[in-house]
Every structure is written in C-alpha cells, then in structure tokens.
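Trainee: Before anything else, here's the structure in question.
Bear in mind these aren't lab numbers, they're just calculated from the coordinates by the rules spelled out. Keep in mind that what you see is a predicted model, and the values were worked out from it rather than measured. Ideal geometry is used to build each Cβ from the backbone, glycine not excepted, and the neighbour counts take in all protein chains shown.
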Number of protein chains: 2
Amino acid sequence: MASTILVNGSPGESISALDRGLAYGDGVFRTVRVKRGRALNWPRHYDRLRSDAALLSLRVPEERTLVTEIASVAPGDAVVKVIVTRGASGRGYAFDRTAPSTRVVAAFPVPAHAEAVAIDGVRVRRCDLVLSRQPRYAGAKTLNRLENVLARAEWSDPEVAEGLLADEDGLLIEGTVTNVFVVRGGRAATPDLSRCGVTGAQRERVRDFLARERIPCEVRDIPFAEVLEADELFLTNSLIGAWPVACHGGRRWARGEITRRIQALIEAEDA
Amino acid sequence: MASTILVNGSPGESISALDRGLAYGDGVFRTVRVKRGRALNWPRHYDRLRSDAALLSLRVPEERTLVTEIASVAPGDAVVKVIVTRGASGRGYAFDRTAPSTRVVAAFPVPAHAEAVAIDGVRVRRCDLVLSRQPRYAGAKTLNRLENVLARAEWSDPEVAEGLLADEDGLLIEGTVTNVFVVRGGRAATPDLSRCGVTGAQRERVRDFLARERIPCEVRDIPFAEVLEADELFLTNSLIGAWPVACHGGRRWARGEITRRIQALIEAEDA
C-alpha cells in the first residue's frame, strides 16, 4: 500500500522535533480535496500557498513536486493536507533565508457529510473568541491557528456545524474552518480579510464565479448584525464546497438562489 | 553519550507529522537555563507552564517528570527547551480533552555572550511589526510565535541585540525574546501583558525581587515614548538574566542602580 504521508518526498510519519513549524508555527498549509486523483481547485491552492509563504519570506516547493506528491498519497478520493515549514534549526527566532523548507503531504479520509446538508443548510453559532488583528500576515493560512482551536472548543453540540468569528470591532470575519458570504437584495459580500482571517481557495473561486455570473460581490467590512439581515448566508471551504446557513440563533433561512447557483458551479467544475 | 532530546521521555529526534503542535501551534513551551545540572528559576517556569497550558485546556506533564527529563538531557550547563503540545490527532481543530499530550525536552549549548554586555548594556531598536491583541491567551508562551519570527527578521545588524515591540496603541509590550522594565525616579514599571506579550519566568522573578527590595514596580500600560524618558531600561529573560539597555536611537544610558541591584540578586540566586 502506498504511504499516506510524505515528508520531504519520502514516506514517513515524523518530522524533526526541532522543526520551526513545531517550535513557532513558522509555516503555512493548505487543505485540498482530491477526487478520483484530481486535486480540486488546485491552481488557486498553489497560488495561495505561494502568496501566503511570501508574506513569511518562506520558500515553497515547486508546483510539480507537490502535484506529484499529492497524486502519490491520494490516488483516489481523499483530503490532502500540505504543510510547508521553515525547516529544522537550532534555538532562536532568527532564520536563514536560504535554508531548505520542510514539506508534509498527508492524505486523510474524506469526512462523511449528510447529503441533505447542502440543501437544508446548517446551524451556526457566534463564537465568543474575538479574532486578533495582524495585518502583516492576515489572510495567510499559517500554522499559528490557536484562535481556531479555541473557537472550535466553544461548542460540542453536533447540531452546530460551524462557529462564526468577529474581530474586536464586531465585524464578521469568517467561520472556524470556512469563509462566509452574505447576500442581500441580489448582492453578495464577503469579509475583508486584510486584518484577520484566512483567505480560502474556495472563497477565491466563489468570488470568480460570482463575477462570471455578474452577481456583484463586495469584499468589505461586514458588521456582524448584517448576518441576521441577510437574505442568504453561505459558508465555503475546499471540503464542503458551499453550504447554506439554515439557522443562527432564532433566525432561519431556506437555501437561496445565489447559494444554489454557486453550489451548481462548484459541482460542475469539480465533477 | 546521553541523548540531548527526549520525546515523551524517550531519546529521539522526531515527533509525529500529525502532531497538533506542528499543525496549529497547539501547545506551549519554556526555555530554561540549566547551570551545573540545576534548572534556574524552575518553580516559576513550571508555574508558568501550568498556567499557560490551562489557558489552552492543555494537560501538562507532572513536575517530577520534567525535572527528571531536564536532568537527563542537561547534566551540566545548557539551555533546555520544554515543549508541551496537544499531541497527534487527525484533521480538524476539535480536540479530545483526555488525549495524551506530547512533550519534547531538548538541550542546546549555552549561547556565548560577551561578559561586558551585562555592564555596558546593549543596543535595541523598535520593530515595525505591531503585536496583535488576543486577551484569551495573552501572556502565555504558546507555539504561535510568528510575530516574534517576523519581528526578529527585521534586522540583521549584530550590534542590535533586541527589538522592542509595541501594540496598535503604541504601548510598549516586550522585546522579541525579552521582557522590558523601565525605571524613572526610583520607580520601576513593566508592561501589562493582559492583551499581548509573553510573561517570562525571569520577569516574574524580577518583580518579586523588586518587591522584596521595596522598589515600587507597576504593571501597567507604558506608552512607547516612556522608553526615551526612562532613567534606566533593562531587558530580562531566562538566558541573559537582566541586561541594561545602553542605546536606543539617539538616546544613551549608563547602567543604572536598580538594574545593577537586580542583576546582583539574579546572580546570587543562580550562583
């Protein structure tokens, strides 16, 4: 059986205990859905990996290297996590810009989601944790993810699919594992992620789809209260595609037309 | 030769590629100076480790386990890094509160510092990077240290020993690897770390020393401008003890009386 984890291209389950990814979260990652051996939405994933790494002055592996390694660990259906760190070093925050990075390419089973969820939608909550602002690497999917860990720990009710997060000004930013789109009066909007949050590859694709469909989509500050005023609300990431939000607090929504259209476009491209 | 790295008590150089310390920076650490086999300031280190971990609902190893392992990797003089993570898991931010943690205890050589530095003092700069605010785990020495990595990357001049960091309100918080004390008119102050920053074990000891010496020391918001108005400025961490700041921009200081007194108290206790 082929290995499901490659570390710097070699089958292995471990990394150096001195890796800066462990020591400082000094690295970036992506979570990619692979379907029948095809890495979905791959060009946007690689583009984000490269731009996120550039914010950290971190070297990224060649695209063909990652493509080959993803194909190796995930010949069929899988979720593949790609981690790129600044590699092992001694103590100290200072780093050598020429040092080789460490890459981990690991395949996981595709999580089972009830099919009805994409139609009926999901219940969300608002998290108490307030996202911090770090414009230096906002938007990047870095290995510094403690906020997400603690936000996700706020609830255990399996009926709640996602927690929404706001910043200290009460602006909606994202879900713990998703980006968020709000729709009102036929116009979409998704939060500006220049101060906090993670720019998902699916978010970028959905923005492209909305543009292609000539549905206006602003990237802007969205006060959390706009969530309750939305005609439609949907969540995106690379595993779920787009999920309608059905319920937040006392507010309920049926799946909307724009959500449905986006889901159809994702499905068609990923088929 | 004894191993210089123990992973969960066993000699080893590696951890699981699926460890949450790597994936999310989901853990905490301490950097301890060991002198002739004695872990200096140990009770405060363990106390901080425990309280930092509590903020993350993370289990910490028993004190005697760590003491034994530190003694094993560092029978003489060393810097020992103790990392505690939430251990390996599959994908996803949610965690099992009963899962075993991963601990890494690793010894490194003591860095060589010119002896004169403790007397003549060091040059510091102000970093451009602005620290983000996360009151949920401010003060904790978590594995989410990208801000420190990027702040340290701002300068390469070996004459500059440390970079000082401020938050978005221009309040002095800390150095990249040190805590900071300012002294004026015989009174000391050190930044409030309830919104950002790392509470060093040495900072806590210095506060205790100041109290014992009946030198007032406030923990409060310190506008960065107070740095230039200080009679004395000194940096603390577990490796350097206390270093006087000699130079910041055009301002110069000679080592002050309170700095000297604190250095003597640290030296006496660590002798």
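Trainee: With respect to B:Ala106, is the statement that it is assigned to a strand (DSSP E or B) and either crowded, with 22+ Cβ neighbours inside 10 Å or β-branched (Val, Ile, Thr) (or both) true?
Mentor: Details: assigned to a strand (DSSP E or B): yes; either crowded, with 22+ Cβ neighbours inside 10 Å or β-branched (Val, Ile, Thr) (or both): yes.
Spelling it out, B:Ala106 is indeed assigned to a strand (DSSP E or B) and either crowded, with 22+ Cβ neighbours inside 10 Å or β-branched (Val, Ile, Thr) (or both).
Trainee: Condition test on A:Thr178, is it within 28 Å of B:Leu58 (Cα to Cα) and in contact (Cβ under 8 Å) with a residue 60 or more places away in the chain?
Mentor: Numbers: within 28 Å of B:Leu58 (Cα to Cα): yes; in contact (Cβ under 8 Å) with a residue 60 or more places away in the chain: yes.
Yes; evaluated as a whole, the condition is true for this residue.
Trainee: Follow-up. Looking only at region A:112-163, filter to residues that are of a type in the set (Lys, Arg) and in a loop (DSSP other than H, G, I, E, B); which one of those is nearest to B:Arg195 (Cα to Cα)? Give the steps one after another, and end with the answer.
Mentor: Just the residues of region A:112-163 that are of a type in the set (Lys, Arg), to begin with: A:123, A:125-126, A:133, A:136, A:141, A:145, A:152.
Of the ones still in play, those that are also in a loop (DSSP other than H, G, I, E, B) are A:133, A:136, A:141, A:145.
On the way: A:Arg133: 12, A:Arg136: 18, A:Lys141: 23, A:Arg145: 17 Å.
Top of the filtered list is A:Arg133.
Trainee: What are the residues in region B:146-188 that are of a type in the set (Asp, Glu), out of contact with any Gly (no Cβ under 8 Å at 6 or more places or on another chain) and within 18 Å of B:Arg133 (Cβ to Cβ), if any?
Mentor: B:Glu147, B:Asp167, B:Glu168, B:Asp169
Trainee: Is region A:179-196 home to any residue that is within 12 Å of chain B (Cβ to nearest Cβ), surrounded by 14 or more Cβ atoms within 10 Å (Cβ to Cβ) and under 19 Å from the mean Cα position of the chain (by Cα)? Show your work before the answer.
Mentor: Keep residues of region A:179-196 that are within 12 Å of chain B (Cβ to nearest Cβ), which gives A:195-196.
Retained after the next criterion (residues that are surrounded by 14 or more Cβ atoms within 10 Å (Cβ to Cβ)): A:195-196.
If we keep only those that are under 19 Å from the mean Cα position of the chain (by Cα) too, we end up with A:195-196.
Yes, some residue in region A:179-196 is within 12 Å of chain B (Cβ to nearest Cβ), surrounded by 14 or more Cβ atoms within 10 Å (Cβ to Cβ) and under 19 Å from the mean Cα position of the chain (by Cα).
Trainee: Could you count how many residues in region A:97-115 are closer than 18 Å to A:Leu49 by Cα and not aliphatic (A, V, I, L, M)?
Mentor: Number satisfying all stated conditions: 5.
Trainee: Among the residues of region A:4-17, what is the count of those that are more than 8 Å from every other protein chain (Cβ to nearest Cβ), in contact with a Ser or Thr (Cβ under 8 Å, 6 or more places away or on another chain) and touching a residue at least 12 places away in the same chain (Cβ under 8 Å)? Break it down stepwise before answering.
Mentor: Taking region A:4-17 and keeping what is more than 8 Å from every other protein chain (Cβ to nearest Cβ), we get A:4, A:6, A:8-11.
Narrowing further to those that are in contact with a Ser or Thr (Cβ under 8 Å, 6 or more places away or on another chain): A:6, A:8-9, A:11.
When the remaining residues are screened for being touching a residue at least 12 places away in the same chain (Cβ under 8 Å), the result is A:6, A:8-9.
Total meeting the criteria: 3.
Trainee: Test B:Arg123 against the stated conditions and say whether it is farther than 22 Å from A:Asp26 by Cα and in contact with a Cys (Cβ under 6 Å, 6 or more places away or on another chain).
Mentor: Numbers: farther than 22 Å from A:Asp26 by Cα: yes; in contact with a Cys (Cβ under 6 Å, 6 or more places away or on another chain): yes.
Yes.
Trainee: Could you list, in sequence order, the residues of region A:164-180 that are in a strand (DSSP E or B) and in contact with a Phe, Trp or Tyr (Cβ under 9 Å, 6 or more places away or on another chain)? Quick ask: steps written out before the conclusion?
Mentor: Going through region A:164-180, the residues in a strand (DSSP E or B) turn out to be A:164-167, A:171-175, A:179-180.
A:Leu164, A:Ala166, A:Leu171, A:Leu172, A:Val180, listed by residue number.
Trainee: Take the residues of region A:100-155 that are more than 18 Å from the chain's Cα centre (by Cα) and hydroxyl-bearing (Ser, Thr, Tyr): which is nearest to the other protein chains (Cβ to nearest Cβ)?
Mentor: That would be A:Thr102.
Trainee: Go through (1) more than 9 Å from every other protein chain (Cβ to nearest Cβ); (2) under 23 Å from B:Glu168 (Cβ atoms); (3) surrounded by 14 or more Cβ atoms within 10 Å (Cβ to Cβ) and name the single condition A:Gly170 misses.
Mentor: Tallying (1) more than 9 Å from every other protein chain (Cβ to nearest Cβ); (2) under 23 Å from B:Glu168 (Cβ atoms); (3) surrounded by 14 or more Cβ atoms within 10 Å (Cβ to Cβ), A:Gly170 fails exactly one: (3).
Trainee: Continuing with this model, one more query. Just the residues that are touching a strand residue (DSSP E or B) at 6+ places or on another chain (Cβ under 6 Å), within 23 Å of B:Ser89 (Cβ to Cβ) and of a type in the set (Gly, Ala, Ser), please, taken from region A:101-139.
Mentor: Of everything in region A:101-139, those that are touching a strand residue (DSSP E or B) at 6+ places or on another chain (Cβ under 6 Å), within 23 Å of B:Ser89 (Cβ to Cβ) and of a type in the set (Gly, Ala, Ser) turn out to be A:Ala106, A:Ala107.
Trainee: Continuing with this model, one more query. Restricting attention to region B:89-117, which residues are touching a Gly at 6+ places or on another chain (Cβ under 7 Å) and of a type in the set (A, V, I, L, M, F, W, C)? Give the derivation first.
Mentor: Quick first cut of region B:89-117, residues touching a Gly at 6+ places or on another chain (Cβ under 7 Å) only: B:99-102, B:108.
Across region B:89-117, the qualifying residues are B:Ala99, B:Phe108.
Trainee: Can you confirm whether B:Arg220 is basic (Lys, Arg), under 18 Å from B:Ala140 (Cα atoms) and in contact with a strand residue (DSSP E or B) (Cβ under 8 Å, 6 or more places away or on another chain)?
Mentor: Details: basic (Lys, Arg): yes; under 18 Å from B:Ala140 (Cα atoms): yes; in contact with a strand residue (DSSP E or B) (Cβ under 8 Å, 6 or more places away or on another chain): yes.
It is true that B:Arg220 is basic (Lys, Arg), under 18 Å from B:Ala140 (Cα atoms) and in contact with a strand residue (DSSP E or B) (Cβ under 8 Å, 6 or more places away or on another chain).
Trainee: Six or more apart or on different chains, Cβ under 6 Å: which pairs go from a residue in region A:63-92 that's facing chain B (nearest Cβ under 10 Å) and in contact (Cβ under 8 Å) with a residue 40 or more places away in the chain to one that's hydrophobic (A, V, I, L, M, F, W, C) and surrounded by fewer than 16 Cβ atoms within 10 Å (Cβ to Cβ)? Could you list them?
Mentor: That search, which allows pairs on different chains as well, returns A:Val79/A:Val110.
Trainee: Mind listing whichever residues of region A:8-40 are closer than 28 Å to A:Glu204 by Cα and aliphatic (A, V, I, L, M)?
Mentor: A:Val28, A:Val32, A:Val34, A:Ala39, A:Leu40
Trainee: Pick out the one residue from B:Arg20, B:Arg30, B:Arg36 that is closer than 18 Å to B:Ala106 by Cα, in contact (Cβ under 8 Å) with a residue 12 or more places away in the chain and within 14 Å of chain A (Cβ to nearest Cβ).
Mentor: Values: B:Arg20 fails: closer than 18 Å to B:Ala106 by Cα; B:Arg36 fails: within 14 Å of chain A (Cβ to nearest Cβ).
Going through B:Arg20, B:Arg30, B:Arg36 in turn, just one is closer than 18 Å to B:Ala106 by Cα, in contact (Cβ under 8 Å) with a residue 12 or more places away in the chain and within 14 Å of chain A (Cβ to nearest Cβ): B:Arg30.
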